[in-house]
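What follows is a set of notes on a single structure, which appears directly below.
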Amino acid sequence: MTAVQLIGRIVDPGSFVRWDEPLGAPPQDRDYRAALARARQRSGLDEAVTTGQGLLAGRPVALVASEFAFLGGSIGVATAERITRAVERATAERLPLVALPVSGGTRMQEGAAAFLCMVRVTAAVQAHQAAGLPYLTYLRNPTMGGVFASWGTLGHLVLAEPGARLGFLGPRVYEQLRGEPLPADVQLAETLAARGLLDAVVPQERLREVLRRALDVLSGPPSAAVVPAPPEAAGAADAWDSVRRTRRPDRPGARQLLRQCADGLLPLDGQGALVRALARFDGRPAVVVGQQRQEGDAARPFTAADLRLVRRSARLAEQLGLPLVTLVDTAGAELSAQAELDGIAVEIARCLTTLVALRTPVLAVLLGQGSGGGALALLPADRVLAAEHAWLAPLPPEGASAIVHRDGDHAAELARSQGIGATALAATGLVDTVIAELPDAAEEPAAFCARVGHAIAAALTDLTTTPPPDLLAARARRHRHLGGGDLGGHA
C-alpha cells in the first residue's frame, strides 16, 4: 500500500491537506540524480515521505508517511528535513502526530550526512512529546536501520503491521558482515511484540479504529462528571479466608475488570502476566498497567520483561500528563535461575523508583493476591484502593510458615497475625479505600467490577484536580510514614 493510499485509509474522506514544500537543489552526482528521477516517475512523489494534516473521525491530526517505491523509503537530508518540518509544525499547531514509516534506513548515496539527520528528526520528536502531544507510530514492512532506531520506535504507542520485518540490520547485510544467515523470525513484528518492544500488532484494516480509540484517550477532554464513591466494606474479613477466596480461578482479574468497567478501552500487547491499556473510567482518561495472575488454571508469574513494560507505561503516562492506574493481583514474581539472570530484583527496584518519582498521579488498585516483590513493584501510589478480600504479604502464607515454623501447617495462623488483609493495610496507611465484596467478587463479578470502576473514577477525579506540587508533597509524606509504627526520637 502506498503512502497516499494508507493515509486515505486512515483520515476522513477528502480531509487530507499536504504540507510538502519544494525541496532544495538537486545532488551533484549524475547517477544519483538519475536514480531520483526514476523514483519520482515510479512513485508519483518528489521524495520518500509525504506529510500533511487530515481529520480522523473529525479530530485534526498530522501525518508523516514513508513511500517505499521511492528508493526503498530511504532517508536523505531533504527527506529528513521534510519530516522535521512536519513534526515542528504539528507541535506548533498542537496536533497529535501519526508516523507511518516504511524504509530500508539511511540513504547510502548521501552517507554520513543523511545518517546524522536521524538526530535532527529525533530532536523534533522529543520536543513534540515534551509539549505533551501524542506521537503514534505504525511500523510497516520493512522498517529498518536508522529509521527503526530513531523516530520509528519513539512513539508513545508503537504499533506494527502483521508480519513486518523490523530491525536495525537487514538480513542481507547481516549475512555479509557475519558470514551466517539471520534467523528468519528474529525481526518479525510478532517476535518483537512478544518481547515487549512493540505495543500492538495491528492489521491495516483496523489501524484507523485503533488510532481513533488511542487519541480519544490520549487527547480527548476528560468528563467533568462527579462520580460518587462506591460503598466501602463493612468490617475486617478473616485474612486466611480472604487468601483462599482470591485464589479462586473464577475471581475477576485485571482483563475482566477493564472489559466491564472501562470505556474507550484500547488494550495493548502485554508480556506474559502483564495487562496494558489506555482507558477511561466514567470519562476519566488513564494509562493502565496491571497483572493477570491466572489464565484458567495456570498461574502466571510476573517477569523482568513485564516490569520493564510497567516502566514504559509509566513514562507514557508522564509524557502525556495522564494518571497511571496499576492493577495488583499476583501470586508473585517469577522464581527461577533465568529470572535471576534477567535481573528480576533490579527491575523491581527500578519500578519502585519510577513510580515514586512519577510527575503524574498514580492510583494503585489491589484486586486480589498481593504476594512479594511482584506486588510491591506496582504499589507506590498517591492513593490505593483495595477489594475487601485483597491482601499483601512478603510471601504467600505457606512460604511465611516455612520460614517461621519450618513447615506449611501454620499458614492460616500467620495470615491472621501478619496484618495482610485489606482492613489491616488501611490501618498501616497503605490502603485508602476498601471496596466491598458482596460477599465475594467471584459470585458477583459484574457488580464488583462496576464498583471498582466507579471507585477508580472517583479517585482519579480527585487526584487530577490536585496541583502537581501539592500531589508530590503529599506523596512524599505518605511514603515516609508507610507501615505506621512511628518510633519517635527525631527532631
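From the list Leu198, Leu182, pick out the single residue that is of a type in the set (A, V, I, L, M) and within 22 Å of Ala314 (Cα to Cα).
After ruling out the rest, the residue left standing is Leu198.
Checking the conditions here, which among Leu192, Leu159 is assigned by TED's automatic domain parsing to the domain that holds Ser74, within 28 Å of Ala57 (Cα to Cα) and not in a loop (DSSP other than H, G, I, E, B)?
Leu159 is the lone residue from the list that is assigned by TED's automatic domain parsing to the domain that holds Ser74, within 28 Å of Ala57 (Cα to Cα) and not in a loop (DSSP other than H, G, I, E, B).
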Legend entry - Residue list for segment 208-228, filter: surrounded by fewer than 15 Cβ atoms within 10 Å (Cβ to Cβ) and either in contact with a helix residue (DSSP H, G or I) (Cβ under 6 Å, 6 or more places away or on another chain) or modelled with pLDDT of 95 or more (or both): Glu209
Inset, instruction - Considering each residue of segment 451-466, count those that are modelled with pLDDT under 95, β-branched (Val, Ile, Thr) and over 12 Å from Pro285 (Cα atoms), and give that number. - result: 2
Inset, instruction - Report, ordered by the first and then the second residue, all pairs with beta carbons closer than 7 Å, sequence separation of six or more or different chains, a first member in segment 163-188 that is within 23 Å of Gln204 (Cα to Cα) and in the same structural domain as Pro203 (by TED's automatic domain parsing), and a second member that is of a type in the set (Lys, Arg) and in a loop (DSSP other than H, G, I, E, B). - result: Ala164/Arg140
Legend entry - Where Gly374 falls short, out of the listed (1) more than 18 Å from Arg300 (Cα to Cα); (2) not in a strand (DSSP E or B): (1)
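Given the options Ala364, Ala375, Ala381, Ala387, name the one that is within 22 Å of Gly253 (Cβ to Cβ), buried (at least 24 other Cβ atoms within 10 Å of the Cβ), assigned by TED's automatic domain parsing to the domain that holds Val325 and at pLDDT below 95.
Ala375
The values are calculated or read from the model by the stated rules, or taken from the named source; none is laboratory data. All of these numbers come straight from a predicted model, not from anything done at the bench. In this analysis, Cβ positions are derived from the backbone assuming ideal geometry, glycine residues included, and neighbour counts consider all displayed protein chains.
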